[in-house]
There are 2 protein chains.
Amino acid sequence: MEAGSVGRVETQFLDLPKPVRLDCGRELHQVRVAYETYGTLSPERDNVILVCHALSGDAHAAGVSAAPGESTRDGFGAEDRDGTAGKGLGWWDGMIGPGKAFDTDRYYVVSTNLLGGCRGTTGPSSTDPATGRPYGSDFPVITVADMVRTERAFLDELGIERLAAVAGGSLGGMQALQWAVSYPDQVDAIVVIASTHALHPQGVAWNSIARDAIMRDPDWQGGHYHGTGRAPDAGMGVARMVGHVTYLSAPAMGDRFGRRLQFADDVRYTITEPEYQVESYLRHQAASFVKRFDANTYLYTSRALTYFDLARSFGSLRQAFAAVTARTLLIAFSSDWLYPPAASQEIASALGELGRPVEFHVIDAPYGHDCFLLEEARQTPIIRRFLLETS
Amino acid sequence: MEAGSVGRVETQFLDLPKPVRLDCGRELHQVRVAYETYGTLSPERDNVILVCHALSGDAHAAGVSAAPGESTRDGFGAEDRDGTAGKGLGWWDGMIGPGKAFDTDRYYVVSTNLLGGCRGTTGPSSTDPATGRPYGSDFPVITVADMVRTERAFLDELGIERLAAVAGGSLGGMQALQWAVSYPDQVDAIVVIASTHALHPQGVAWNSIARDAIMRDPDWQGGHYHGTGRAPDAGMGVARMVGHVTYLSAPAMGDRFGRRLQFADDVRYTITEPEYQVESYLRHQAASFVKRFDANTYLYTSRALTYFDLARSFGSLRQAFAAVTARTLLIAFSSDWLYPPAASQEIASALGELGRPVEFHVIDAPYGHDCFLLEEARQTPIIRRFLLETS
């Protein structure tokens, strides 16, 4: 079977008819959801897979965007190895399509931009209907459960009640877990990749530093920078660079960049200019990220994924999973030190102790957390078989 | 033997009579060196140990400062476990003193603030004699070899030709290595702790991000912030937080902070305030660091330790060590991922292949790079024996 593309796609938008109630106690009114769909909904509406994205993703998960240059496939390797940057390929295009891991010949794949996002779904850069101005930092603090609640309300509008699967990596995997916990009767299976039930303390620290870098930028202006002509690009760049290094493994950085200098074979004795290729690469990543991403969305999303803690919310991981019925597939990567395999093992153990059907794979791969975007070939057979066994 | 304190000490200052020639081709005039000495110089002047500090240290390595509140012992654990912060204890007080690793009953220990520093030795915050204003970013870009050249010139003024040993951790260990390479006939032994012959690419990245965080702060003002009433404290704080996490191991952060919340047993739904104890801790570290450290010194020192690359400078590590005669003691820590044991092993192998006397120990300890400041009890017998065998 030749794996193919879903072709040209356009992001669509749907306005939720009712407000979304949030964990913090507030309600969000006039919530819009940006989404894409791939494949065909079965007459029984029983072939739906919801795909959830990670911190910097969006609804454009597969195919070629009708708005070129909008690709979010800017992880390690993606743009350089595949040459996809600027071609508008979806961030998980290697995984979604005819014959791929999430096979659009069989499944109707739905992808939304998450609540709090900046790529079409209501978020801090959206207009607050109460004031007519952008929310900025008046946007309520949201959680992964809020994101999932929004996805639930959105699918209601599409007339979809049950999901054959929810799938995602990293923060997307958190959403998949939350789906199984929040709506146990409505999810047949979850695919949780390079994710965790609770970010480890060092991950909490990295996220905190990234947020601080943004908020310490005077152009953040307390979160109300929209319309001022200034945005905290400097701080966002630092946040992105910190994130980027945590997404890679040290050996992968070594293999790719080594200590190679930018110019010739000697240093130029400069503090301000990049001397090493890795320094230049990080600056490039920072510069391209700030062009396409909203700083407040970064803050809110980073906060939500830091808050995520199923054991704290329910008393223990076992209690969190007590009502779960979904079959669970966990995939982790040996070199991922931000979402290490140990966390997935804890999920597998808790589900296993409860007698729930769970499958856990550790893929030995060198690229760190970014593996979930890169190691498509090795994830594909695992996911295809798992989904076939579900249906 | 009861290990004791060197007692009350005062930092002294010495002005070098001649300019210091730098690797970049420039010369620095009227260089002042801040230093402290502990113990007694033997009549034969053959008992001198030079101690070199790391990125954020200073000349005050041991004893109680006459200027209280000036302690630089603010690494992980140091202030909290030992309660030394604010009491003016030297940064390596646990290692230097009567009966300690660097035994002042036997050795005359000399500690200087490194070239480019901000604690008494000439650096970017010093007055440029050519203009009468602080150098700021007009300070020349310096290297580890320049630091060592300055230390050599300083010791000449003290009338000290040979060194029984040069010792240091991290950047201090780089200086010790450089001493053995630059002045092979004048160094009997080097003690290189938690260091490397060349920072690995991920370490290059972290240092690059830290420097960028400072330079992106508008208060950096192109490096000429002295006298403006503004300093890049926001960016420096981010740099320090990044550094801090890299100095610790993920398990150590987990043991110490876990995911414990700041208040009560639930989150408060805030983006701007710290929710987790580790978030609060990092902000505290940032705030205390900016009070005592100059941002430009951070930039220059970070650049120097990034440049350090003995294999590049000499063609190979073996060629770099070809003339070395010093006995070498290498100590690394199992959990140190910024200066991992593998780098020390490469040094040991290169020296071993050349038939040079070298000893390498990996101490199994959980605190990451900060171990070199914390694991005093386990380093002490190794260092004491090594030094005794030398003399």
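Using a 1.4 Å probe, what is the accessible area per residue for chain A, in Å²?
34
Sum -39500 (n - 2.57) across every DSSP H segment of at least 4 residues in chain A, then divide by the residue count to get the 222 nm mean residue ellipticity, nearest 500.
-11000 deg cm²/dmol
Within the accessible area of segment B:209-297, what % is carbon and sulfur when the probe is 1.4 Å and the other protein chains stay in place?
That share works out to 52 percent.
Can you tell me the order of B:187-196, B:279-288 when each peptide is scored by its average per-residue count of other Cβ atoms within 10 angstrom, highest first?
Ranked by mean Cβ neighbours within 10 Å, highest first: B:187-196, B:279-288.
Rounded to the nearest 5, what is the percent of antiparallel bridges among the DSSP beta bridges in the protein assembly as shown?
35
For a quick check, take a GNM of chain A with Cα springs below 10 Å and name the residue from A:GLU376, A:GLU273, A:GLU36 with the largest mean-square fluctuation.
Judging by the Gaussian network model, the answer is A:GLU273.
Quick one: buried accessible area between A and B, total over both chains, 1.4 angstrom probe, nearest 100 Å²?
4800
State log₁₀ I(q)/I(0) for segment A:291-336 at q = 0.14, 0.25, 0.29, 0.32 Å⁻¹ as given by the Debye formula over alpha-carbon point scatterers of equal weight, solvent excluded.
-0.61, -0.94, -0.98, -1.02
Between copies, how far apart are the A:HIS284 label points? List them in nm, one decimal, shortest first, with each point 7 Å from Cα toward Cβ, please?
4.2
Rounded to the nearest 5, what % of DSSP beta bridges with both residues in chain A are antiparallel?
Given both bridge residues lie in chain A, the antiparallel proportion sits at roughly 35 percent.
Placing the label point 7 Å from Cα along the Cα-to-Cβ direction, what are the distances from A:ARG45 to the equivalent spots in the other copies, shortest first, in nm to one decimal?
Label-point distances to the other copies, shortest first: 9.2 nm.
Using the Cα atoms as the points, what is the convex hull volume per residue of chain A in Å³?
139
Taking every pair of Cα atoms in segment B:209-297, average 1/r, invert it to obtain the Kirkwood radius, and report Rg/Rh to two decimals.
With Rh from the inverse mean 1/r over Cα pairs, Rg/Rh is 1.05.
Run the label-point distances for B:PHE13 please: 7 Å along Cα to Cβ, every other copy, nanometres, shortest first.
Nearest to farthest, the other copies are at 6.4 nm.
Residues with beta-carbon under 14 Å from that of B:ASP128, excluding B:ASP128: net charge, scoring Lys, Arg +1 and Asp, Glu -1?
+1
Where is the GNM fluctuation largest for chain A (alpha-carbon springs, 10 angstrom cutoff): A:THR297, A:THR112, A:THR131?
With Cα springs under 10 Å in chain A, the top fluctuation among A:THR297, A:THR112, A:THR131 is at A:THR131.
Taking the Kirkwood radius as the inverse of the mean 1/r across Cα pairs, report the Rg/Rh of the protein assembly as shown.
That ratio equals 1.01.
May I ask for the net charge around B:SER335, where only other residues with Cβ less than 15 Å from the Cβ of B:SER335 are counted and Lys, Arg are +1 while Asp, Glu are -1?
-3
The values are calculated or read from the model by the stated rules, or taken from the named source; none is laboratory data. Remember, it's a predicted structure, so these values are computed and weren't measured experimentally. Glycine gets a Cβ as well: all are built from the backbone with ideal geometry, and neighbour counts include every protein chain shown. Accessible surface is based on the protein model in full, side chains and every heavy atom, while ligands, DNA and RNA are left aside. Shrake-Rupley method; radii C 1.70, N 1.55, O 1.52, S 1.80 Å.
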